[in-house]
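S.K.: Before anything else, here's the structure in question.
Where a number appears in this text, it was derived from the coordinates with a stated rule and is not lab data. Bear in mind the structure is a predicted one, so any value in this text is a computation, not a measurement. Here the Cβ positions follow ideal geometry from the backbone for every residue, glycine too, while neighbour counts run over all protein chains shown.
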Amino acid sequence: MRAVTSRRSGAALAWLAALLGLLAVAGPVREVAGAARIDALRVLRAPDAGAGTYLFPPGTRRVWVTFRYEEAAGERVGLSVTGRGGIGVFASEDRYNGSGTASIEVSGAAIYRGLAAQLEAALRQAQEGAQEAATQSAGVHEHLLSAQAGLLQAGSAMGLLGGADLSDDDGRRLSGARAAAAEAGTLARQAIALPLSDTAGKRVLAGQMGRPLATAVTAASGLSASAAGAGETTIPSTGIDERSAYTVQVSVGASPAASAEFVVYRGDRVYLPRTER
């Protein structure tokens, strides 16, 4: 693919690359010889709260993630938070020595900035894939698949941003990006469904994706710029469906060490399932 040359795109993609570098590799938890041990991972309402929490109310502006580490010897210990669809919304990393307890603040503002950057980067990936499919003579289908992957990732980001406390302007930007991305997604599905031999048809549809994707990228770029300068805001709500929960993972080096989940529910009431008849 051609490199994105715009300064803003470069910043968004650099942020995404840094974030992905901190996210732990999926798979079974493995013990690492000589590595720090991590336990007692909790998500708290306040830094001095005694017990961890799974359910957080709407309007929550920050949570604190705490964990105990033992026998650390300068290892890199990373914290990542992902939302539905595996989209990264927060990442941090530090080196630890000895034994102790770590406490890391995860703010709504940081999550908002991360989501906005992810959205812009994903839509730019889709735009590049569509451009390549429309103009290159080889790999047309593969470029379309790349564009579709970017749109799917953008959809995850927009889903979470839909639960954020956005300004009127940012709400309009998000709505514009969502509508334009949906139009591009329809064209991508139509192009991918064509026979592999119909390169010309695929290229025509890929070319038609250019206009809505340009609209979506412009809207996402504005949202990203707004998020970069935003002050304190709430953590985007998820609902109480466990499939929508935020996943918190602590890793030592590249190896997962502990994980937990939490949700920010919507509305002022939560209805839990009955356990008795």
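S.K.: Taking the beta-carbon count within 10 Å as an exposure proxy, list Ser259, Ser224, Ser146 from fewest neighbours to most.
M.R.: Working: Ser259 15, Ser224 23, Ser146 19.
Least to most surrounded, the residues fall as Ser259, Ser146, Ser224.
S.K.: Further question on the same structure: Which distance in nm do the two modelled labels at Arg243 and Thr186 give, with both placed 7 Å along the Cα-to-Cβ direction?
M.R.: So the two model labels end up 2.5 nm from each other.
S.K.: To continue, here is another question. With a sphere of radius 14 Å drawn around the Cβ of Leu196, what net charge do the other residues whose Cβ falls strictly inside it have (Lys, Arg +1; Asp, Glu -1)?
M.R.: Taking every other residue near Leu196 into account, the sum is 0.
S.K.: Counting other C-beta atoms within 10 Å, which of Phe262, Phe56 has the fewest, and how do the rest follow?
M.R.: Fewest-to-most ranking of Phe262, Phe56: Phe56, Phe262.
S.K.: By count of other Cβ within 10 Å, fewest leading, how are Ser237, Ser137, Ser255 ordered?
M.R.: Final ranking by Cβ density, sparse to dense: Ser137, Ser255, Ser237.
S.K.: In addition: Using a ≥ b ≥ c from the Cα gyration tensor of region 26-169 (square roots of the eigenvalues), is it rounded, prolate or oblate, where a/c under 1.5 gives rounded and otherwise the larger of a/b and b/c decides, a/b for prolate?
M.R.: Verdict is oblate for region 26-169.
S.K.: Can you figure out the FRET efficiency of Arg76 with Arg266, using R₀ = 41 Å and their beta-carbon distance, to the nearest 0.05?
M.R.: FRET efficiency, Arg76 to Arg266: 0.70.
S.K.: Also: Once each part is reduced to its C-alpha centroid, what is the distance from region 181-220 to region 93-144 in angstrom?
M.R.: Region 181-220 and region 93-144 have Cα centres separated by 21 Å.
S.K.: By the scheme Lys and Arg +1, Asp and Glu -1, what is the net charge of all other residues having a beta-carbon under 9 Å from that of Gly222?
M.R.: -1
S.K.: Would you mind computing, in nm to one decimal, how far apart the modelled labels at Asp48 and Ala149 are, each placed 7 Å from Cα along Cα→Cβ?
M.R.: Going from the Asp48 label point to the Ala149 one covers 4.8 nm.
S.K.: How about region 29-123: which chymotrypsin sites (Phe, Trp or Tyr not before Pro) there are in a DSSP loop, with at most 15 other Cβ atoms within 10 Å of their Cβ?
M.R.: Sparse-neighbourhood loop chymotrypsin sites (Phe, Trp or Tyr not before Pro): Tyr54.
S.K.: Counting Lys and Arg as +1 and Asp and Glu as -1, each charge on the Cβ, what is the dipole of region 124-277 about the Cα centre in debye, to the nearest 20?
M.R.: Working: 13 positive and 15 negative charges, 74 e Å.
Value, rounded to 20: 360 debye.
S.K.: Under a plain spin-label model, where a point goes 7 Å from the Cα along Cα-to-Cβ, how far apart in nm are Thr199 and Thr101?
M.R.: 6.4 nm
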